[in-house]
Amino acid sequence: MTTLLMSDKTATVRRAPAAGGAARVNRPRDTNSHRVIRRRQLFAWLFIAPAIVYVAIFFGYPIVNNLTMSFQDFTTTTFYTGEAPWVGFDNYVSVVSSALFARLSVNTAVFTILSLAVTFVIGMLLALFFNAHFKLSGLLRSLILLPWLLPLIISAAVWRRMMDEGSGILNQILSSVGIGSVPWLTNPDVALFSIIIVNVWIGIPFTMVILYGGLQEIPTEYYEAASLDGATGWNSFRYITWPLLRPVVAVVLILGFVYTIRVLDIILALTGGGPANSTQTYATQAYQLSFVDFKFGVGAALSNILIVVSLLVAALQLRTSRRSNDLAG
Amino acid sequence: MTSTSLTSAPLSSAPLRSAPLKSPRRKSNVRMNLRTVFGVVMIAVFLFPVYWMINSSLQGNENLLETQWFPFELSLEGYQQAIESQLGNLITSLVIAVGAVIVCLAIAAPAAYGLSRTNIRLPGSNTFLVLLLITQMVPGIVIANGLFPLYNDLGLVNSYPGLILANASHGIPFCILLIRAFMMNIPSSLIEAARIDGAGELRIFVSIVLPISRNALVTAAVFAFLFAWSDFLFALTLTTDSSVVPITLSMYQFIGAHTQSWAALMATAALASIPAAFLLVVAQRYIAAGVTGGAVK
C-alpha cells in the first residue's frame, strides 16, 4: 500500500503542470471553455461526492464525536436518558491520574518501540537477502506475505496454541534442548515480550515488501561504480543503499509506528491485557473502558491520547527524516 | 572494470579453497543455489506457525496434551467440529465481506475516476487525497468508540448493514488510491473521443472507464474482501449480543471459552485462512496486470 502512496505523490507532482497546460491551450480556442470546464468539474465532484459523504460519516464524525464525548460524562445511561453532562477535563484527569496510567505508558512504549525495531532489522535483512535474484526467490518472497494476509485473530490463535505453557510446541522444543518451559503468556514479566514476538512475526512481511521495493529502485550502476572504487558489502550498504533508501525507511518507520501503537486484536486474543495488566496498552485499555466498563467518556479521552501520541510521533519522525535528508544532500 | 574484477576474484579466493579453481560463473551459480537453500530453510521456519495450524487441525482432540510433529493419525474430527459449530459464523463473515466489497467498489470506483482526470483542475481534490491518507493513520478504536453512539441511535448495532458499512471503511481509502493510480493511465483522448461521439458522463464512466479498469477493480475488490473478512474490531465493538457474529469474533470467544479443543480451533483458523491463501495465489497475477496496465492500447 505504501508503494501506492509514494507513486501517488510523484503522480500529483507530475499532474500540476499538465493541468495548467491543458487549461492554457483550451482557453483561446473555445469560447465556451469556461462553462465546459465548470460542467466537467461539477461532474467530477458528483463522482467523488459519495466518497466524501462516506469519509465524513465513517472517519470525520467518529473523530469529532470522540472529541466531544471525552469532555462528557458519557455512559450506558446516556443511551436511555440522552443526557451526557459536560465535565470539562475530568475524563482526562481520571485517565492520567489512574494508578494504571504509568504502567500503560511504559507497556505501550516498550511494545511499540521494541516491535518496530526488531521488525525493521529483520525486514531489512530479508529485503537485502531477496534483493539478489536466485532460484525460487519470487516464490519465497510471495510466501512471506502469508502472515500479513491472515486475519490477526487467526495468527493470534495459532500463536496462543504454540505458546501454551503445558502443551505448546515452543515449550516442547525448548524442553527437548534442555532449557525448560517458559510461561509465555501467563507470567507478567514474560507476556509483553511474547506479544512482541507475535507482533514482529506479523509485521515482517509488510516491512520487508516495502523495503524490497525501495531496494529494487536503486540503479545497479551505482553499485557497479562503487565496486570499482572498492566499496562492497558493508561499505556499499552504508554509502549507497542506506542514503538512497532513507525516504522508504522513513515511510516504513512512520507507518509501522502508527500501525503498531494501535494494535488491539493480537493483545486481546493472546492475553486480554493480562496477566495483572502486564500487556495492557493505551489501545486495549481504551477498549476496556468503553466497551467493557461502558465509560465511553473516559474511553474517548484515552483513545484521544492515543491518537495525539501517534500523530505527534509520526510528525516528529517525518521532520527528523526530512532534516536528515536535507543534510544528506 | 570488468577485467580487474574478473582477474582479481579467482586469485583472491583461490588460496582459501582446496577445491580446484572454478570458473566465476560456476561459482556464482553455487552461491545462488546456497542462497536458495538458505532462503527455503528461512521461509520454512518463518511459516512454521502456518504449518502448525494445519498440522494441529488434522489431529483429533484425544491427544490433548501434546500435538505430534506430523498428523500420523489423521483425524478430521477438528474440521467436523469446526463446521458444526462455526459454519454459521463463516457464512456471516462471507455475507458481510461481500457486502463490504460492493459498498467499497460502489463508492471507490466513481471517486477514483473523478480524482483521476488530470486535464480538469479540481481545487480541493488534493486536500481530499491527503485526508484519505490520514484516515489510514487513525486508530480503529477511535472510530469504533466515536461510531458506537451513532450506531446505537440509528439501530445499526447488531445488524448486517451496520457491519457492512463499517467494514467498508477498512478498504475505501485504499481502493480509491489503488483504482485512481490505474485510471490516471487511461488516456484523455479515449474519453474525449467518446465525448465527441455524444456519450454522456455517466455513459463514459460505465461503458468505457470501468471495463478498461477491470484489473484494478478486481484487485481492489479482493483486498476489500480480505480487509472486511479480517475485521475483528468492529465485530467486537458494534455488536452486543449474539445475533450477528462473524468468524473472527466467534474465534475470539472460542479462545476464551474452551481452549481445550485445540483441533477444532485450529481447524476453524485453517478454514478462515482460505481467503488469504486464495488471494496470495490469485491476486498476484492481477496486481502484476494492474501495474503493467496492458488493457490500454
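The values are calculated or read from the model by the stated rules, or taken from the named source; none is laboratory data. The model shown is predicted, which means the values in this text are computed figures rather than measured ones. Note: ideal-geometry Cβ built from the backbone for every residue, glycine included; neighbour counts use all protein chains shown. We work out accessible area using only protein heavy atoms, side chains counted, and drop any ligands, DNA or RNA first. Shrake-Rupley method; radii C 1.70, N 1.55, O 1.52, S 1.80 Å.
A compact table of results
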| quantity | calculated |
| --- | --- |
| Residue among A:303, A:290 that alone is open to solvent by less than 10 Å² (accessible area, probe 1.4 Å), part of a helix (DSSP H, G or I), out of contact with any Ser or Thr (no Cβ under 6 Å at 6 or more places or on another chain) and without any contact (Cβ under 8 Å) to a residue 40 or more places away in the chain | A:290 |
| Selection count where residues are open to solvent by 20 Å² or more (accessible area, probe 1.4 Å), more than 7 Å from chain B (Cβ to nearest Cβ) and either free of Cβ contacts under 8 Å to residues at least 60 places away in the same chain or at positive phi (or both), scope region A:167-189 | 13 |
| Residues of region A:130-158 classified as more than 30 Å from residue A:185 (Cβ to Cβ), within 7 Å of chain B (Cβ to nearest Cβ) and either buried (at least 19 other Cβ atoms within 10 Å of the Cβ) or of a type in the set (A, V, I, L, M, F, W, C) (or both), total | 4 |
| Count - residues of region B:110-155 that are part of a loop (DSSP other than H, G, I, E, B) and either modelled with pLDDT of 95 or more or under 26 Å from residue A:47 (Cβ atoms) (or both) | 11 |
| Subset of region B:102-119 [surrounded by fewer than 23 Cβ atoms within 10 Å (Cβ to Cβ) and either farther than 23 Å from residue B:216 by Cα or at the interface with chain A (Cβ under 7 Å from one of its Cβ atoms) (or both)] | B:118, B:119 |
| Qualifying residue in region A:257-275 (condition: among the charged types (D, E, K, R) and assigned to a helix (DSSP H, G or I)) | yes |
| Qualifying residue in region B:211-220 (condition: at the interface with chain A (Cβ under 9 Å from one of its Cβ atoms) and open to solvent by 40 Å² or more (accessible area, probe 1.4 Å)) | no |
| Residue in region A:93-105 that is surrounded by 16 or more Cβ atoms within 10 Å (Cβ to Cβ), touching a Phe, Trp or Tyr at 6+ places or on another chain (Cβ under 8 Å) and within 26 Å of residue B:273 (Cα to Cα) present | no |
| Residues satisfying the stated conditions in region B:174-189, i.e. assigned to a helix (DSSP H, G or I) and either within 15 Å of residue B:120 (Cβ to Cβ) or of a type outside the set (A, V, I, L, M) (or both) | B:174, B:175, B:180, B:182, B:183, B:188, B:189 |
| Residue under evaluation residue B:179, criteria (1) closer than 29 Å to residue B:87 by Cβ; (2) crowded, with 20+ Cβ neighbours inside 10 Å, criterion not met | (1) |
| Verdict on residue B:85 being more than 26 Å from residue A:255 (Cα to Cα) and more than 19 Å from the chain's Cα centre (by Cα) | yes |
| Candidate set: region A:263-276, residues that are surrounded by 19 or more Cβ atoms within 10 Å (Cβ to Cβ) and more than 10 Å from chain B (Cβ to nearest Cβ); chosen: the one farthest from residue A:310 (Cα to Cα) | A:271 |
| Any chance residue A:197 is closer than 26 Å to residue A:155 by Cβ, open to solvent by 30 Å² or more (accessible area, probe 1.4 Å) and aliphatic (A, V, I, L, M) | yes |
| Matching entry among B:158, B:152, B:145 (being within 8 Å of chain A (Cβ to nearest Cβ) and within 18 Å of residue B:242 (Cβ to Cβ)) | B:152 |
| Unique residue being more than 10 Å from chain B (Cβ to nearest Cβ), free of Cβ contacts under 8 Å to residues at least 60 places away in the same chain and closer than 30 Å to residue A:131 by Cβ when the list is A:253, A:245, A:312, A:228 | A:245 |
| Number of the condition not met by residue A:211 [criteria: (1) of a type outside the set (S, T, N, Q); (2) surrounded by 23 or more Cβ atoms within 10 Å (Cβ to Cβ); (3) within 13 Å of chain B (Cβ to nearest Cβ)] | (3) |
